[in-house]
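Asks: Just dropping this structure here.
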Amino acid sequence: MSIKVFETKEVQDLLNAAVNRDGEGGNPRLKQIVHRLLSDLFKTIDDLDVTPDEVWAGVNYLNKLGRDGEAGLLAPGIGLERFLDIRMDAADKAAGIEGGTPRTIEGPLYVVGAPVTNGVAKLDKDPDADAGPLVIRGAVRNSNGEPVAGATVECWHANSKGFYSHFDPTGAQSDFNLRGAVKTDANGRYEFHTLMPVGYGCPPHGATLQLLHTLGRHGNRPAHVHFFVTAEGCRKLTTQFNIEGDPLIWDDFAYATREELIASVSEKTGGAALGLKADAYKEIEFDIVLTPLVQGKDNQVVQRLRASVAA
Ligand code: DHB
Ligand code: FE
């Protein structure tokens, strides 16, 4: 069938009516965006001859996505969150901003309100028999290479099952397990004592994995650790490192891996003196470089709905 109705006056009038384009009231920006999205959808249906059955399968999928509460999980999986990073990277390049630690996606599993300590934080509040001790340490510097004292380094990651506290389907973790924040010391240094994470996998019966499987993809991430880093006079950095050796490093369903953000792991001893659960431990050095405000403003802060737990 090669029915083409998109360009007809009837369809164009319908699109304009659907967003109340010429009418009073409503949000003009939203009208513009919805008009464009609807137009692209209608045109896709016309061009690809999408059948009514396929359209209703899509509508039902959106209902499942909402029921599962997974829109925020799907966004990285379909590359949307990575695409926003690519745009911010390009904007930085055009503005001549370079040299900072690369940004990469936040993902949907941050929780507001983790406890803040000075210099060092112990993130593993719950025991995890399958995870060995890990120390993550480094310095925060500004773009002149100077250490930034009093910067806040916030960190969150999964446990040995790939589950994040607050979102753990087994209910096994307490609030803020494997989450915390440190204020850097006078030398700009921070240190987290924690347990080695493993990679995350999408919920097995959820809408995200359903779509990924239908595309012939998987829904797994390599082992990784997330960071927010904030400091006076600097732009907030949202980043993560992926841990070297994980077979999914370059096969991350959320597209967060960056060459500069692959952390190498060293083997250490002396963990007992640090209060770790074993004397042999692993260490990751992760130094962070922040970029300055742009005309006094942080143009890379992202507002989005985030989970929060009362302290
Ligand atoms: C998703 C999960 C993560 O742990 C992450 O860092 C990014 C994305 C997700 O489920 O979409
Ligand atoms: Fe994650």
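The values are calculated or read from the model by the stated rules, or taken from the named source; none is laboratory data. Quick caveat, the model's predicted, so the values are computed rather than measured. Cβ sites come from the backbone with ideal geometry, for glycine too, and all protein chains shown count toward neighbours. When the accessible area is computed, the model is the full protein with side chains, heavy atoms only, and any ligands, DNA or RNA have been set aside. Shrake-Rupley method; radii C 1.70, N 1.55, O 1.52, S 1.80 Å.
Asks: Calculate, for the chain, the solvent-accessible area per residue in square angstrom, rolling a 1.4 angstrom probe over the heavy atoms of the protein chains.
Replies: 54 Å²
Asks: So what is the calculated 222 nm ellipticity per residue for the chain, using -39500 (n - 2.57) for each DSSP H run with n of 4 or more, over all residues, to the nearest 500 deg cm²/dmol?
Replies: -8000 deg cm²/dmol
Asks: Could I ask something else about it? Among the listed pairs LYS183/LYS268; LYS125/LYS183; LYS43/LYS64; LYS125/LYS282; LYS31/LYS64; LYS64/LYS125, which have their C-alpha atoms separated by more than 29 angstrom in this model?
Replies: Over 29 Å Cα-Cα: LYS64/LYS125.
Asks: Leaving out ligands, DNA and RNA, and with a 1.4 Å probe, what % of the accessible surface on the chain is carbon or sulfur?
Replies: Solvent-exposed carbon and sulfur of the chain make up 56 percent of the total.
Asks: As I understand it, the dipole of the chain uses +1 on the Cβ of Lys and Arg and -1 on the Cβ of Asp and Glu, about the Cα centre. Which of PRO203, GLY296, VAL140 lies farthest toward its positive end?
Replies: Towards the positive end, the residue furthest out is GLY296.
Asks: If you rank VAL50, VAL116 by how much accessible surface each has, with a 1.4 Å probe, what is the order from largest down?
Replies: Per-residue accessible area, sorted high to low, gives VAL116, VAL50.
Asks: Moving on. Rounded to the nearest 10 degrees, what's the angle between the helix 9-18 long axis and the longest principal axis of the chain, both from Cα atoms, 0 to 90?
Replies: 40 degrees
Asks: Once you keep just the Cα pairs under 8 angstrom separated by 6 or more residues, what percentage relative contact order results for the chain?
Replies: It comes to 21 percent, rounded to a whole number.
Asks: Can you give the charge dipole size of the stretch 19-108 about its Cα centre, rounded to the nearest 20 debye, using +1 on the beta carbon of Lys and Arg and -1 on the beta carbon of Asp and Glu?
Replies: 280 debye
Asks: Continuing with the same structure: If the reach is capped at under 20 angstrom between alpha carbons, list the lysines near LYS93, excluding any in the same chain fewer than eight residues apart.
Replies: Qualifying lysines at Cα under 20 Å: LYS236, LYS297.
Asks: Separate question: Rounded to the nearest 20 Debye, what is the dipole magnitude of the chain about its Cα centre when Lys and Arg each give +1 and Asp and Glu each give -1 at the C-beta?
Replies: So the dipole magnitude of the chain works out to roughly 620 debye.
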